[in-house]
1. Could you check the stretch 97-179 for helices (runs of 4 or more DSSP H) lying wholly inside it with 2 or more residues that are closer than 30 Å to residue 254 by Cβ and free of Cβ contacts under 8 Å to residues at least 40 places away in the same chain?
2. Got at least one residue in the stretch 288-296 being surrounded by fewer than 14 Cβ atoms within 10 Å (Cβ to Cβ) and closer than 30 Å to residue 374 by Cα?
3. Being without any contact (Cβ under 8 Å) to a residue 12 or more places away in the chain, surrounded by fewer than 16 Cβ atoms within 10 Å (Cβ to Cβ) and not charged (D, E, K, R) is the requirement here; does residue 206 meet it?
4. Restricting to the stretch 271-292, count the residues that are assigned to a helix (DSSP H, G or I), touching a residue at least 24 places away in the same chain (Cβ under 8 Å) and not basic (Lys, Arg).
5. Could you count how many residues in the stretch 124-174 are surrounded by 17 or more Cβ atoms within 10 Å (Cβ to Cβ) and either outside the structural domain of residue 212 (by TED's automatic domain parsing) or at positive phi (or both)?
6. Exactly one condition in (1) out of contact with any strand residue (DSSP E or B) (no Cβ under 7 Å at 6 or more places or on another chain); (2) in a loop (DSSP other than H, G, I, E, B); (3) not charged (D, E, K, R) is not met by residue 295; state its number.
7. Just to check your reading of the model, which residue among 177, 242 is outside the structural domain of residue 126 (by TED's automatic domain parsing), at pLDDT below 95 and of a type outside the set (A, V, I, L, M, F, W, C)?
8. Keeping to the stretch 375-400, report how many residues are modelled with pLDDT of 60 or more and more than 26 Å from residue 254 (Cα to Cα).
Amino acid sequence: MSEQKKLSNKELKELKKKEKAARRAAQKEVDGKPPGENPNAPAPSGGDKPQQQQQQQKQKSKKQVSAPSTTQIKKSINKPVKASTVESKVPSAFSHLSTREQRTAKLPLNLLNIIHPKILELSGLCANYSIVGSIARCKAMLEVFKIVIMDYQTPENSMFSRSLTAYLSHQIDYLKNSRPLSVTMGNAIRWMKQEISVLPIDMAELDAKKEMAEKIDIYIKEKIEYTDKMIIKFASTHITENSTILTFGHSKVLEELFLHCYNEQNKKNITIIIIDSRPLFEGKTLLKNLIAKGLKNCKYYVITALSNVLEEIKIDYVFLGAHSMLSNGRLYSRVGTALISMMSYKRDIPILVCCESIKFSERIQLDSVTQNELGDYNNLMDFFTDSPKKKNFALESFIKQKQLESKPSKQQQTQKQKNTQSQKDQNFKLEIPGGDSDESPLKKDISNISNLKILNIMYDLTPAHYINKIITELGALPPSSVPVIIREYKTN
């Protein structure tokens, strides 16, 4: 007993393993058969031995080429595409944010079979930045969901509301692949699922579809179109005849506000200063739209010239758009907004934010690191293009396949590497891109630097004390009133 007490848990486990191994060896000796062979099988005749050996070899080869198991499929789904190359360019502080490649790799293999064509089209437009802005993306999503609901066919022996909710969840999962959902899209999806759940069980499928389509139309009018009109009404009182307004990027509400003041309120002497930044250059869209509709007293600057603009030009108000207003009163908007707010606050320029209540979020955030959207770092290296151009998934896979087919042999590659290395050692030269090559020499050289980190985040966070007023459809309110508006929004 004293010897057993001295044994540790590891030693006891090893003893048990040895005992099991000894039992198996004794059983094999009794049977006189190899472990993979059936003892109850009849003994083969002498002439059939070569045939049986061939059959066994064929069976082994078939087992090796068999279909992958479920665990292997899960591993392949969770395995990110080119994780090492993507993560090496993203700084470690932002490595928790998912890239587009990682999101596509995590999509289930059979998901594309049940995705509606309109969802595929919308996903491509969002990924290419053809549809930009939280309100524009939300409105486009709701319009697409109307078509998806009308085209949906309920399976046999299942309820319309439950099966439709599950079907829409798959469509939403695919939409998240192109870009993370905005706050407006998340609020609209929660509202839509709530409305589907309260549909009467005994209602006919066609009637339920029509009712949902009508509710979506009413939601778009009440939460987007009518609210924009109310915001324009309240915000226009702050703009006088000779006002000089500074804005950043492009906001649809602000565009309508400036045109309303110029055309309908006949404030012809207002000046609009547009600050813009790479890589999207959204301010160019605002500039083109204002000039096309008559407001030609506009000035356009890149964000690097902001300090000179604030020193040389007397600005009356700073009007900003919003991606979201957080529960602690902070503004979550396009990256660069916090810089403009800080510099305007230091010069005592009033900062007004035009924001619909659908953009209000219960989330609390203290910095722009924990939660953000990670853009493609290649867009920051496209110095000679106006806006980032992204290909859709099918086109990307086709191009990759063609590149693999046209790859030279290993000998040619080694010779090329030797020649290029000798040229690089002699002189390091960057040329302005032009001609036939799709990728610029500057972009190629930067991508080859292993220690270089490139960050392209989409949003930043502005502290609440920089903001004077938030103009919503409920009126002009301080940032501290955001939780009150969220409670009102929930009750309605």
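1. Details: elements: 100-105, 117-127, 134-151, 160-178.
Qualifying helices (runs of 4 or more DSSP H): 117-127, 134-151.
2. Yes; the residues of the stretch 288-296 include at least one that is surrounded by fewer than 14 Cβ atoms within 10 Å (Cβ to Cβ) and closer than 30 Å to residue 374 by Cα.
3. Details: without any contact (Cβ under 8 Å) to a residue 12 or more places away in the chain: yes; surrounded by fewer than 16 Cβ atoms within 10 Å (Cβ to Cβ): yes; not charged (D, E, K, R): yes.
For residue 206, the condition - without any contact (Cβ under 8 Å) to a residue 12 or more places away in the chain, surrounded by fewer than 16 Cβ atoms within 10 Å (Cβ to Cβ) and not charged (D, E, K, R) - is met.
4. Narrowing the stretch 271-292 to residues assigned to a helix (DSSP H, G or I): 283-292.
Adding the requirement that they be touching a residue at least 24 places away in the same chain (Cβ under 8 Å) leaves 283-286, 289-290.
Still in the running and not basic (Lys, Arg): 283, 285-286, 289-290.
Qualifying residue count, the stretch 271-292: 5.
5. Final tally of qualifying residues: 2.
6. (1)
7. Of 177, 242, the one residue that is outside the structural domain of residue 126 (by TED's automatic domain parsing), at pLDDT below 95 and of a type outside the set (A, V, I, L, M, F, W, C) is 242.
8. Step one: of the stretch 375-400, the residues modelled with pLDDT of 60 or more are 375-382, 399-400.
When the remaining residues are screened for being more than 26 Å from residue 254 (Cα to Cα), the result is 376-382, 399-400.
Result for the stretch 375-400: 9.
The values are calculated or read from the model by the stated rules, or taken from the named source; none is laboratory data. Remember, it's a predicted structure, so these values are computed and weren't measured experimentally. We place every Cβ from the backbone using ideal geometry, glycine too, and count neighbours over all the protein chains shown.
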